[in-house]
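The values are calculated or read from the model by the stated rules, or taken from the named source; none is laboratory data. Model, not experiment: these values are computed from the prediction. Cβ: placed from backbone, ideal geometry, glycine included. Neighbour counts: every protein chain shown. For the accessible areas, the whole protein counts, side chains as well, though only heavy atoms, and no ligand, DNA or RNA atoms are used. Shrake-Rupley method; radii C 1.70, N 1.55, O 1.52, S 1.80 Å.
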Amino acid sequence: MKLLDSLFHLTDETRELPTRTTFQLDLQANHPIFRAHFPGHPILPGVCALQIVKELAERTWKSPLRLSEAKNIKYLAPISPSEVSTLTIDLSGEPSQLKATLSQGDTTFAKLSLRFCSLS
């Protein structure tokens, strides 16, 4: 299930060639995921954060990707749509050794080290 344009909308994309892209996105607080995941105190599920990173990596490299290894995933703080409406996602490296950081201002919510392989 694609989350772009349903759970989140891109508001900005900055590429620093050759291997760094930063995205600004808005979370859609009324998405059904938030009504089902801890009703009354919703947070973004970790698997959704992972899917968002995958979709942004596919957008960056213009290729369908498959996660082949999650080398390291650290969730450092919950992402609540009532407190975090705009999120920055920084991707660096290549799909085969991708590093992603999810943050807002001085708060880092997650750091991921992932390996993707191309499906094309």
Q | Test for GLU55: is it of a type outside the set (A, V, I, L, M) and outside any strand (DSSP E or B) | A | yes
Q. Looking at the stretch 22-42, which of its residues are surrounded by fewer than 19 Cβ atoms within 10 Å (Cβ to Cβ) and outside any helix (DSSP H, G or I)?
A. THR22, GLN24, ASP26, GLN28, ALA29, ASN30, HIS31, HIS37, PHE38, PRO39, GLY40, HIS41
Q. From the set of residues in the stretch 58-72 that are of a type in the set (D, E, K, R) and not in a strand (DSSP E or B), which is most open to solvent (accessible area, probe 1.4 Å)?
A. LYS62
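Looking only at residues that are open to solvent by 70 Å² or more (accessible area, probe 1.4 Å) and in a strand (DSSP E or B) in the stretch 73-96, which one is farthest from LEU114 (Cα to Cα)?
Going through the stretch 73-96, the residues open to solvent by 70 Å² or more (accessible area, probe 1.4 Å) turn out to be 74-76, 78, 82-83, 94.
Checking which are in a strand (DSSP E or B) leaves us with 74-75, 94.
Working: LYS74: 12, TYR75: 14, GLU94: 10 Å.
Per the criteria, the residue is TYR75.
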Q. Residue check, LYS99 against (1) in contact (Cβ under 8 Å) with a residue 24 or more places away in the chain; (2) part of a strand (DSSP E or B), all met but one. Which one?
A. (1)
Q | Single condition LEU50 does not satisfy, out of (1) open to solvent by 30 Å² or more (accessible area, probe 1.4 Å); (2) outside any strand (DSSP E or B); (3) farther than 13 Å from THR101 by Cα | A | (3)
